[in-house]
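Notes to accompany the following structure.
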Amino acid sequence: MKLLLNLFIALFFFTTSHAQKINQPRVYEIWDNKPALNRGGDYNISKAHGVPYDEDWELESYGIGNGYMGANIFGRTDVERIQITEKTLFNKGLYGIGGMTSFAELNFNFNHNNPTNYKRTINLNKATATVSYTHNNVEYNREHFISYPDNVMVIKLTANQKNKINFTLHPKNPYVNTNHERNTRTGKIETKDNLITLSGSIPHFGVNYEGQIKILKSGGTLENLNENIVKVNNANSVTILISAGTNYKLDADVFTKEIDSIRLDNNIFPHEKISNQIKKAEVLGYGGLYKNHINDYTKLFSRVQLVFNDKISVEPTNNVLEAYKKDPSNHYLEELMFHYGRYLLISTSRKGALPCGLQGVWSQYEVTPFTGGFWHNINVQMNYWGAFNTNLAETFIPYIEYHKAYRPSAELLATQYLSDKNINFDKNTDNGWTIGTGATPYKIQGPGVHSGPGTGALTTKLFWDYYEFTMDTIFLKEDGYPAIKGMSKFLSKTLEKQDNGTLLVNPSASPEQKHHGEHYITKGTTFDQTLVWENNNDLLKAAKILKIKDPFLEKMKAENEKLNPIIIGKSGQIKEYIEEEFYGDIGQKEHRHISHLCALYPGTLINSNTPNWLEASKVTLDKRGNISTGWAMAHRMNLRARTKQGNIAHDVLTKFIQLRTLPNLWTTHPPFQIDGNFGSMAGIAEMLIQSHEGYIDPLAALPNAWKNGFYQGLIARGNFEVSTKWKKGKASFIKIKSNKGGICKLRYKDIKSIVQIETNANVSFKNLNNDVISFETEKHQEYKIVLQ
Ligand code: FUC
């Protein structure tokens, strides 16, 4: 067998005919040949304490969003329902820290009862949702998108014949004056000609909200009926613009104020902002808005391709899902889920808007399950685990901005935590910052019984990853390093010296774990110990890059040597607790959280240079079980990718899709939580590329199931853009685009013994060992490696 490796700078690599063929992006659609059911919400059913539960909304409606707001489209032809969410509209919510709540409901009465040729879609390549059908020989089409650059939702209704568009629009301000103890919402609707305005307040946090709906028709007439109903008669086409907002302003004041009702300035009304958005949108018109939306969205979405070479399924998405439940041998749905993850991330997390919470930008609830906020003992971090390697690093910026805003409050919480726990510390020194499990756009909390101080370091891991994937040293200096250092400052004070010299976090808790029904609080859980280690280790690496000299760094280095973070137990497992001997001695054996393996993923303390720990991780994973709640299975996928058990990772993905995926491909805990979508997307990427051990490792945990395939544009640490094609489980070429220059280390099994290296540029290689080569790269250049 003749095996060759060619490496050359190939600026026009993708002009080769072979590459061009695989370079045609596939069009991805979530679609159905029937409208979503709409039987409404039920207050008698509560999911994760949220009410009312609306099964049809959750399972069948299609979500679109622009980071600021979202809409759920049912695609009905009799009475269409579009439910709108705005990410800052919060009431008191569960637990008193605020809870997302529905912004508006729009009902369009079309009265088309027997449609034919029906189809509704979300086009993932364009982030548009469509509904099309024939009724009385007229073809109707509706297109929906939410533009990020113009922050406006656009609905365009067309027909293939003139004067055929007729409907009444009934807007609804949901959950006004309901007397629910967690909701103090007031509101009104005003209609003037073609403009509907919904406004009101939720005094709990001083929220004022406003939404405007503008109906622009071509041809026909428009009437205002009673009760704010707008009627459109015989139009040729109609464009509807929707803008929504509140007086929310992301700054430190929101979090540090002690009185809830003044967290926002209730003298500020969003009226002008919303009016301007609508006016600007009207000037741009449908064409201008569409162009802005497509330019913005496709720039992000089109960066990555991933194909498993299975045929595109031609059945409605839910049928594909049902078929997959019986026979998962067609991997197209896995591919679709991956792209859907990227679509969802772009739709829910954009600069200027809040980060992506537990339900993205979608809530039909009065009281949203688990608040819909930012859960820090894994969920919000999981939302961003796949942001970096799937080439969407900028979607993490909202979290960085959120962090900067809550930081003063987090600093106060750090001091308060240390006082509350009677830890001996000097109040006048810098105690850093902390964050616990529950957080919302309005309030954050310190660590508690739900999870120990390590929770904050699960967050700073994202800051370090953001740097490593982007190589953005300005970010590292200005935001990353201060965040990581502040966390080390706090964590250091939570450590207690033991008689044997070990430093243990005290008190310490492994997220959500319970023993005999009680939260189990102890010293030095593996979760806390390893996360202290990870944070300090990232701090030291960051300091080196920034050339920072500081005696504090020496102290952290010394502390890291005394953490003894990983201990193997008598079952051969990674212990969750020091005092555990055999697996499951303490806590629930099959608990959804598997926090003691955070050092394997997203952390890096356990890796292939620690083979014993890696083996013990497999034992823990086996014993914990692969089947769990939605996000928990997604964590297991990433962990199995890191143990290089690609086949098991894939098996978990299969079960996750079979058991935890809804007809609209949202994933469920239950209830719907978006973390499962993002965690599984990250897991797919983690099987296809890893880079946490100092080299790029394409197809690091490739399962046998993905026999042939191709990806383009995934990102490795060092900001290398990687494309790989594989056949029968073996890479046939790898392309690396260097976005920042620097040394590229590439691992592929037997890369040394099986290759002969040719270069046609100033590239020289080193063989570091049988599997790893290293070469210097130039910024913006592409390097193609062909393995034959
Ligand atoms: C964590 C998890 C729960 C749930 C909640 C939102 O507390 O343990 O399962 O996902 O976050």
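Among the residues of region 702-711, write down those that are buried (at least 19 other Cβ atoms within 10 Å of the Cβ) and within 20 Å of K735 (Cβ to Cβ). Hits for region 702-711 are L702, W706, G709, F710, Y711. In region 444-461, the residues that are within 26 Å of D251 (Cβ to Cβ) form Cβ pairs under 7 Å with partners that are part of a loop (DSSP other than H, G, I, E, B) and among the small types (G, A, S), at six or more places apart or across chains, as follows: Q445/G436; Q445/G438; G446/G436; P447/G436; G448/G436; T455/G436; K461/G603. For region 333-373, filtering for residues that are touching a Pro at 6+ places or on another chain (Cβ under 6 Å) and within 14 Å of the ligand (Cβ to nearest atom) leaves 1.
When I657 is tested against (1) β-branched (V, I, T); (2) part of a helix (DSSP H, G or I); (3) closer than 20 Å to K589 by Cα, just one condition goes unmet, and that condition is (3). Inside region 382-395, can you point out the residues that are crowded, with 24+ Cβ neighbours inside 10 Å and under 21 Å from Y406 (Cβ atoms)? M382, N383, Y384, W385, A387, T395 - these are the residues of region 382-395 that are crowded, with 24+ Cβ neighbours inside 10 Å and under 21 Å from Y406 (Cβ atoms). Take the residues in region 216-252 that are hydrophobic (A, V, I, L, M, F, W, C) and buried (at least 23 other Cβ atoms within 10 Å of the Cβ), then tell me which one is farthest from G98 (Cα to Cα). The qualifying residue farthest from G98 (Cα to Cα) is A235.
Here's the yes/no breakdown for (1) part of a helix (DSSP H, G or I); (2) within 20 Å of G603 (Cα to Cα); (3) within 16 Å of the chain's Cα centre (by Cα):
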residue	(1), (2), (3)
Y384	yes, yes, yes
N389	no, yes, yes
T395	yes, no, yes
I400	yes, yes, yes
K404	yes, no, no
S409	yes, no, no
L413	yes, no, no
N422	no, no, no
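Each residue in region 540-595 was checked for being part of a helix (DSSP H, G or I) and within 16 Å of the ligand (Cβ to nearest atom), and 1 pass. Filtering region 654-668 to residues that are surrounded by 21 or more Cβ atoms within 10 Å (Cβ to Cβ), within 13 Å of L59 (Cα to Cα) and within 16 Å of the ligand (Cβ to nearest atom) leaves R660, W666, T667. Checking the stated criteria, K34 turns out not to satisfy the condition of being surrounded by fewer than 24 Cβ atoms within 10 Å (Cβ to Cβ), part of a strand (DSSP E or B) and either among the β-branched types (V, I, T) or touching a residue at least 12 places away in the same chain (Cβ under 8 Å) (or both).
Here is a yes/no grid of residues against (1) touching a residue at least 24 places away in the same chain (Cβ under 8 Å); (2) within 30 Å of W433 (Cα to Cα):
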| position | (1), (2) |
| --- | --- |
| P203 | yes, yes |
| V207 | yes, yes |
| E210 | yes, no |
| G219 | yes, no |
| E223 | no, no |
| S237 | yes, no |
| A244 | yes, no |
| K249 | no, yes |
| D260 | yes, yes |
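When you check V505 against the structure, is it under 21 Å from W464 (Cα atoms), touching a residue at least 12 places away in the same chain (Cβ under 8 Å), β-branched (V, I, T) and buried (at least 19 other Cβ atoms within 10 Å of the Cβ), yes or no? In short, no.
Would you be able to say whether some residue in region 348-359 is of a type in the set (S, T, Y) and in a loop (DSSP other than H, G, I, E, B)? Checked region 348-359: at least one residue is of a type in the set (S, T, Y) and in a loop (DSSP other than H, G, I, E, B).
Scanning region 192-213 for residues that are assigned to a strand (DSSP E or B) and more than 16 Å from N173 (Cα to Cα) yields a total of 1. When region 622-642 is filtered for residues that are surrounded by fewer than 24 Cβ atoms within 10 Å (Cβ to Cβ) and either more than 14 Å from the ligand (Cβ to nearest atom) or not polar (S, T, N, Q) (or both), the ones remaining, listed by number, are D622, K623, G625, N626, I627.
Values in this text are rule-based calculations from the coordinates and carry no lab data. Predicted model only: the values in this text are computed from it and were never measured. Glycine also receives a Cβ, built like all others from the backbone with ideal geometry; neighbour counts cover every protein chain displayed.
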